[in-house]
Amino acid sequence: MKVILTKELKGKGGEGDVVDVAQGFAVNYLIPNRLAIAATKGELKQLEQRRHNIAKRELARTTDANTLKEALDGKAIKVLAKVGEEGQLFGSVTSAKVAEAIADQIGCTIDRKQIELGKAIKMVGEHKVTISIYRDIKAVLTVNVVDEAAAIEIVEEPAAEEAAEAPEEIAAEEETEEVAE
């Protein structure tokens, strides 16, 4: 059955594309969910009139996708996780955690479904992750998985060093004041 897609449908096409799909798929899923309309002569004629508007929307989407790709491509993000022996994670780093880290560290909102992990991340270290932004536009970024406990210790150490330096600085200032008198 031929249908005209009204929205992007992964694996089938984009808005305004005329595709041939199984009749059950069209009648039971695409048409009720308003993802497509039946490709009748009247609808095809209207589609020709709407082509200009569809092309404008497509241009805007690809421009936005390229901007997002530039913001993400080649960047590195850090994800904290609980780690056991030999760098093995308790659980795994999911696409939802990666999406949350991107939002926190880079400031871009990405849907977790756009993140292609391949297989689950279960080890500490750097991992390459591909993000499908729009159609063929993809960005690759590095996910650095770090132990939560090690990250907390690194944050606490500078505070301890500053506290240790403070008495020495005070003593040095007192000596300078005594010499000046």
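The values are calculated or read from the model by the stated rules, or taken from the named source; none is laboratory data. Quick caveat, the model's predicted, so the values are computed rather than measured. Every residue, glycine as well, gets a Cβ built from its backbone with ideal geometry; the counts of neighbours run over all protein chains shown. Just the protein is used for accessible areas: all its heavy atoms, side chains included, with ligands, DNA and RNA removed. Shrake-Rupley method; radii C 1.70, N 1.55, O 1.52, S 1.80 Å.
Note down all Cβ pairs under 8 Å where the first residue falls in the range 114-136 and is farther than 13 Å from Val93 by Cα, the second is assigned to a strand (DSSP E or B) and open to solvent by 40 Å² or more (accessible area, probe 1.4 Å), and they're at least six residues apart or on different chains.
Cβ pairs passing all conditions: Thr130/Glu116; Thr130/Lys138; Thr130/Val140; Ile131/Glu116; Ile131/Lys138; Ile131/Val140; Ser132/Glu116; Ser132/Lys138.
Would you confirm, using the coordinates I've provided, whether Gly11 is crowded, with 16+ Cβ neighbours inside 10 Å and part of a loop (DSSP other than H, G, I, E, B)?
So Gly11 fails the test.
Being of a type in the set (S, T, N, Q) and open to solvent by less than 60 Å² (accessible area, probe 1.4 Å) is the filter here, so list the residues in the range 106-157 that pass it.
If the condition is that a residue be of a type in the set (S, T, N, Q) and open to solvent by less than 60 Å² (accessible area, probe 1.4 Å), then Gln114, Thr130, Ser132, Thr142, Asn144 are the ones that fit.
Could we say that Lys45 is loosely packed, with under 11 Cβ neighbours inside 10 Å, of a type in the set (Lys, Arg) and in contact (Cβ under 8 Å) with a residue 60 or more places away in the chain here?
Considered against the rule, which asks whether it is loosely packed, with under 11 Cβ neighbours inside 10 Å, of a type in the set (Lys, Arg) and in contact (Cβ under 8 Å) with a residue 60 or more places away in the chain, Lys45 comes out as no.
Here are Asp73, Asp104: which of them is free of Cβ contacts under 8 Å to residues at least 24 places away in the same chain, of a type in the set (Asp, Glu) and out of contact with any Phe, Trp or Tyr (no Cβ under 8 Å at 6 or more places or on another chain)?
Asp104
Evaluate the following for Thr94: is it hydroxyl-bearing (Ser, Thr, Tyr), open to solvent by less than 50 Å² (accessible area, probe 1.4 Å) and modelled with pLDDT of 90 or more?
For Thr94, the condition - hydroxyl-bearing (Ser, Thr, Tyr), open to solvent by less than 50 Å² (accessible area, probe 1.4 Å) and modelled with pLDDT of 90 or more - is not met.
Can you go through Arg51, Arg34 and tell me which one is outside any helix (DSSP H, G or I) and either farther than 30 Å from Thr109 by Cβ or of a type in the set (Lys, Arg) (or both)?
Sole residue among the options that is outside any helix (DSSP H, G or I) and either farther than 30 Å from Thr109 by Cβ or of a type in the set (Lys, Arg) (or both): Arg34.
Among the numbered criteria (1) in contact (Cβ under 8 Å) with a residue 60 or more places away in the chain; (2) open to solvent by less than 40 Å² (accessible area, probe 1.4 Å), which single criterion is violated by Arg61?
Every condition holds for Arg61 apart from (2).
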